[in-house]
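The values are calculated or read from the model by the stated rules, or taken from the named source; none is laboratory data. Keep in mind that what you see is a predicted model, and the values were worked out from it rather than measured. For neighbour counting, all protein chains shown are included, and Cβ atoms are generated from backbone atoms with ideal geometry for every residue, glycine included.
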Amino acid sequence: MTASSPNKILTSEDRIIEILRDAKNLAQEYRLLTGKPLGITGEVAEYEAARLLGLQLTAARQAGYDATEVREGEPWRLQIKGRCILPDSKPGQRIGSINVDKEWDSVLLVLLDENLEAFEIHEAMRVDVLNALSAPGSKARNERGALAISKFKSIGKKRWQRFA
C-alpha cells in the first residue's frame, strides 16, 4: 500500500505511473526555476510509447533498441527517441543521436508537450532513417546521427496522436 491510496494495493504498473507523474512535476518545476531541462525526456518517452502503443520495453541498457512489438508474427525492434516541444520552441529542433551501428528495425519519435505528456508519436523505418542520415549536407546529421524533427516526420508516419 502507498500513501496515495491507503486502501488499495498498487501494481508495479500503477506505481510506475505515480513515479513518472512525480518526476514530470519535478522536471517542470526545475525548468521553471533554472530554465533548463531535468533530463528525463528519454525515460518518459520510452514509457509513453510502450503504454500508448502496447510495446514491450527491453531491459535497461539494451544495445540498439528500447522496445519490441510483434509484427506479422516476428519481433520488431524499436529505438525510441523523445523530444519536449515547449510553446516558445524554435523551429529546426533535432532529435537525439540515432545509433546506426546497432540492430533495430525502426525509430519512434515521441513528442512531448511542456508537461511531458505525449501528443504525437511518429515512426520511421530503418532504411529511410539511414538514407536521411547519409544524405549530403548536414554535419549534425552525417556525423552525429541527429535528424531534425521536421525531417523525421517527413520520412516517417504518424502512429499515434492525442486528441484535445
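Can you tell me which residue within the range 31-51, out of those that are loosely packed, with under 15 Cβ neighbours inside 10 Å and of a type in the set (A, V, I, L, M), is farthest from ARG159 (Cα to Cα)? Top of the filtered list is LEU33. The residue that is surrounded by the most Cβ atoms within 10 Å (Cβ to Cβ), counting only those in the range 95-127 that are over 14 Å from GLY82 (Cβ atoms) and either modelled with pLDDT of 95 or more or polar (S, T, N, Q) (or both), is ALA124. Contact map, the range 53-64: first residue under 15 Å from GLU103 (Cβ atoms), second residue assigned to a loop (DSSP other than H, G, I, E, B), Cβ cut-off under 7 Å, separation 6 or more or different chains; pairs are THR58/TYR65; THR58/ASP66; ALA63/LYS102; GLY64/ASN99; GLY64/LYS102; GLY64/GLU103; GLY64/TRP104.
Here's the yes/no breakdown for (1) outside any loop (DSSP other than H, G, I, E, B); (2) out of contact with any Gly (no Cβ under 9 Å at 6 or more places or on another chain); (3) aromatic (Phe, Trp, Tyr):
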| site | (1), (2), (3) |
| --- | --- |
| ALA60 | no, yes, no |
| TYR65 | no, yes, yes |
| THR68 | yes, yes, no |
| LEU78 | yes, yes, no |
| GLY82 | yes, no, no |
| ASP88 | no, yes, no |
| GLY96 | no, no, no |
| ASP101 | no, no, no |
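Close contacts from the range 132-156, counting a first residue that is under 9 Å from ARG94 (Cα atoms) and a second that is modelled with pLDDT under 85 and charged (D, E, K, R), with Cβ to Cβ under 7 Å and a gap of 6+ residues or different chains, come to LEU147/ARG141. Among the residues of the range 19-30, the one identified as touching a residue at least 12 places away in the same chain (Cβ under 8 Å) and among the charged types (D, E, K, R) is LYS24. Is one or more of the residues making up the range 126-143 farther than 26 Å from PHE163 by Cβ, in contact with a Lys or Arg (Cβ under 8 Å, 6 or more places away or on another chain) and assigned to a loop (DSSP other than H, G, I, E, B)? Taking every residue of the range 126-143 in turn, at least one turns out to be farther than 26 Å from PHE163 by Cβ, in contact with a Lys or Arg (Cβ under 8 Å, 6 or more places away or on another chain) and assigned to a loop (DSSP other than H, G, I, E, B). Taking the conditions exactly as written (part of a strand (DSSP E or B), in contact with a helix residue (DSSP H, G or I) (Cβ under 6 Å, 6 or more places away or on another chain) and under 22 Å from ARG162 (Cα atoms)), does LEU109 satisfy them or not? Spelling it out, LEU109 is indeed part of a strand (DSSP E or B), in contact with a helix residue (DSSP H, G or I) (Cβ under 6 Å, 6 or more places away or on another chain) and under 22 Å from ARG162 (Cα atoms). The single condition among (1) modelled with pLDDT of 95 or more; (2) surrounded by fewer than 18 Cβ atoms within 10 Å (Cβ to Cβ); (3) not in a strand (DSSP E or B) that LYS158 does not satisfy is (3). Being closer than 24 Å to THR68 by Cα, surrounded by 13 or more Cβ atoms within 10 Å (Cβ to Cβ) and basic (Lys, Arg): is that true of LYS81 here? Criteria met by LYS81.
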